[in-house]
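Here the structure comes first, spelled out in structure tokens, and everything after it is commentary.
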Amino acid sequence: MHATKIAIIGTGTVGATTAYACMMRNITAELMLVDINEVGCRGELLDLSDALSFCTTSNIKQVSYKQAAQADIIIIAAGKSQKEGQARDELLAANQKVLKSIITELGTVNPQAIVIIITNPVDILTWYAQQLINLPVSQVFGSGTMLDSQRLRNLISQKIKVAEQSIHTYIIGEHGDMQVAALSAGRIAGVPLEQFLNIKELNRLAKEARQKVYEIISCKGCTCYGVASCVAALCEDIIFDQNRIVPVSCYSNQYKVCMSMPAVIGASGIKQIISPPLSSPEQSALLESIETLQSSLNKLKTEL
Ligand SMILES: NC(=O)c1ccc[n+]([C@@H]2O[C@H](COP(=O)([O-])OP(=O)(O)OC[C@H]3O[C@@H](n4cnc5c(N)ncnc54)[C@H](O)[C@@H]3O)[C@@H](O)[C@H]2O)c1
């Protein structure tokens, strides 16, 4: 059996932290690192290799784009990140160019590979990657609102003293300011969330989850641990064919955009997308979120 190969393209703050999170999760794998800044990438390689003795990762290498294209899981974390006061969609023009150049350099990708996009704006760039990479859309998805959903579960967990893993609620739609908390479908042991916290409080927590990114960026200039932990968990779901349900940015046949919906994730990528039942205000908010994504996509399409 060959060691699962995980390639990380873009080894800045998020990419390097993702490599470390994969190592600390003890996913037996070979990690392959690529960055346009080869010296910086070598620095990360050397630094990360000091942690090899403490995990089951068998090897870590700096590789070419062509070698990365043959990995089992390809994670793209390259590009400009949000600065204070900046929304994620303001990164579109710069990061579209970065993604295009990476996908061109990769060339033909391993037909069994799963590609995970982290680069923002993640929904638009996941759609873009799906157009350019020679893989079915079920094998190319974005980290989406997995992190936002985790933030919301954590806030609810702290309030009601129930473990996050037992709180089933999802943030869906755009990974951005137009995200939608599907609170009416939220359940704990089959009981609606609203029986634990009133809707005003739930909405307040959903807003806190949505805005957390801005506070982190204003305090330290970037975010990395949350998304890196999410992506390492996704790698585990893929490697062990877990069929876990995670909200990730995936292609919607109905709306022709990529946006987050709860999806069953396993060895072949996205196996099923599940639409939670929504209240009427949530449905309207989701349509608004989709319109925002469609208008960004139209902007991108005119520049293609
Ligand atoms: N989806 C999420 O939840 C989430 C969370 C945090 C950050 N992000 C996004 O992740 C991306 C990276 O953020 P960061 O904080 O690590 O930024 P960073 O500036 O620390 O690192 C970006 C890296 O990309 C590299 N790069 C640029 N062009 C490249 C190319 N053509 N090929 C290979 N590497 C290239 C740079 O050299 C740099 O090392 C940003 O777009 C950011 O918005 C997403």
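Classify the range 1-156: rounded, prolate or oblate, from the alpha-carbon gyration tensor (a ≥ b ≥ c, eigenvalue square roots; a/c under 1.5 rounded; otherwise prolate if a/b is larger than b/c)?
Values: a/c = 1.42, a/b = 1.19, b/c = 1.20.
Rounded, because the longest to shortest axis ratio a/c is under 1.5.
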Q.
Using only Cα atoms and rounding to the nearest 10 degrees, what angle (0 to 90) does helix 146-160 make with the longest principal axis of the chain?
A. 50 degrees
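Remind me, relative contact order of the range 168-304 in percent, using alpha carbon pairs under 8 angstrom and six or more residues apart?
Values: 174 pairs, mean separation 36.2, N = 137.
Contact order relative to length: 26 percent.
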Q) Is the shape of the range 219-262 rounded, prolate or oblate, going by the alpha carbon gyration tensor and its root eigenvalues a ≥ b ≥ c, with a/c under 1.5 for rounded and a/b larger than b/c for prolate? A) oblate
(Q) Run the helix sum for the chain: -39,500 (n - 2.57) per DSSP H stretch of 4+ residues, divided by residue count, reported at 222 nm to the nearest 500 deg cm²/dmol. (A) -14000 deg cm²/dmol
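Rounded to the nearest percent, how much of the accessible area of the range 179-304 (1.4 Å probe, protein heavy atoms only) is carbon and sulfur?
Numbers: 3170 of 6170 Å².
Answer for the range 179-304 is 51 percent, counting heavy atoms of protein chains only.
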Q. Can you list the residues of the range 251-288 with backbone N under 20 Å from a point 7 Å past the Cα of K301, pointing along Cα to Cβ?
A. 251-260, 287-288
Q: Please build a GNM for the chain, connecting alpha carbons under 10 Å apart, and tell me which residue among I245, I73, I116 fluctuates the most.
A: I245
Q: Subtract the Cα-Cα distance of A94 and K61 from 0.36 nm times their separation in residues, and report this length gain in nm to one decimal.
A: 9.1 nm
Q | Share antiparallel - DSSP beta bridges, the chain, percent rounded to 5 | A | 50 percent
Q: Using a 1.4 angstrom probe, figure out how much accessible area the range 60-189 has per residue, in square angstrom, rounded to the nearest whole.
A: 37 Å²
Q.
Over 10 Å intervals from 0, what percent of Cα-Cα pairs in the range 130-212 sits in each interval?
A. 18, 47, 22, 11, 3
**Q.** Residues with amide H under 5 Å from that of I60, placed H, sequence gap 5 or more
**A.** L31
(Q) Using 0.36 nm times the number of residues separating H2 and K256, minus their current alpha carbon distance, what extension gain do you get? (A) 87.8 nm
Q. Going through the range 25-84, which GluC sites (Glu not before Pro) have at most 16 other Cβ atoms within 10 Å and a DSSP loop state?
A. E84
Q.
Can you tell me the orientation of helix 280-303 relative to the chain, as the angle in degrees between its alpha-carbon axis and the longest Cα principal axis, to the nearest 10?
A. 30 degrees
Q: Please give, to one decimal in nm, the separation of the simple spin-label points placed at C222 and Q165, each 7 Å out from Cα toward the Cβ.
A: 3.1 nm
**Q.** Distance violations [Cα-Cα > 25 Å] among K83/K212; K256/K299; K100/K256; K212/K299; K212/K271
**A.** K212/K299; K212/K271
Q: Please report the base-10 log of the normalised intensity I(q)/I(0) for the chain, using a Debye sum with one equal scatterer per alpha carbon and no solvent, at each q in 0.10, 0.14 (1/Å).
A: -0.52, -1.04
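Would you mind computing Rg(Cα) / (2.2 N^0.38 Å) for the range 199-241, counting N as its residues?
Numbers: Rg = 14.3 Å, N = 43, 2.2 N^0.38 = 9.2 Å.
Ratio of Cα Rg to 2.2 N^0.38 Å: 1.56.
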Q. Tell me, what is the 1.4 Å probe accessible area of R25, in Å² to the nearest 10?
A. 100 Å²
Q. Once the range 41-91 is represented by equal point scatterers at the alpha-carbon sites, with solvent omitted, what log10 I(q)/I(0) does the Debye formula produce at q = 0.15, 0.22, 0.29 Å⁻¹?
A. -0.65, -0.94, -1.15
Q: Roll a 1.4 Å probe over the protein heavy atoms and report the accessible area of R204 in Å², nearest 10.
A: 110 Å²
Q: Report the label-to-label distance for V39 and N203 in nanometres (one decimal), using points 7 Å from each Cα along the Cα→Cβ vector.
A: 5.3 nm
Q | Coarse-grained scattering of the range 170-226 at q = 0.16, 0.31 Å⁻¹, given as base-10 log I(q)/I(0) from a Debye sum over alpha-carbon atoms | A | -0.59, -1.22
Q) How far is helix 92-106 tilted, in degrees, relative to the longest principal axis of the Cα atoms in the chain, given as a value from 0 to 90 rounded to the nearest 10? A) 40 degrees
Q: Compute the signed sum of charges (Lys and Arg +1, Asp and Glu -1) over the other residues within less than 14 Å, Cβ to Cβ, of Y20.
A: -2
**Q.** Overall form of the range 1-73 per C-alpha gyration tensor (a/c, 1.5; a/b vs b/c)
**A.** oblate
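The values are calculated or read from the model by the stated rules, or taken from the named source; none is laboratory data. None of these values were measured; they are calculated from a predicted model. Cβ atoms come from the backbone with ideal geometry, glycine included; neighbour counts cover every protein chain shown. To get the accessible areas, we keep the full protein, side chains included, count just its heavy atoms, and leave off ligands, DNA and RNA. Shrake-Rupley method; radii C 1.70, N 1.55, O 1.52, S 1.80 Å.
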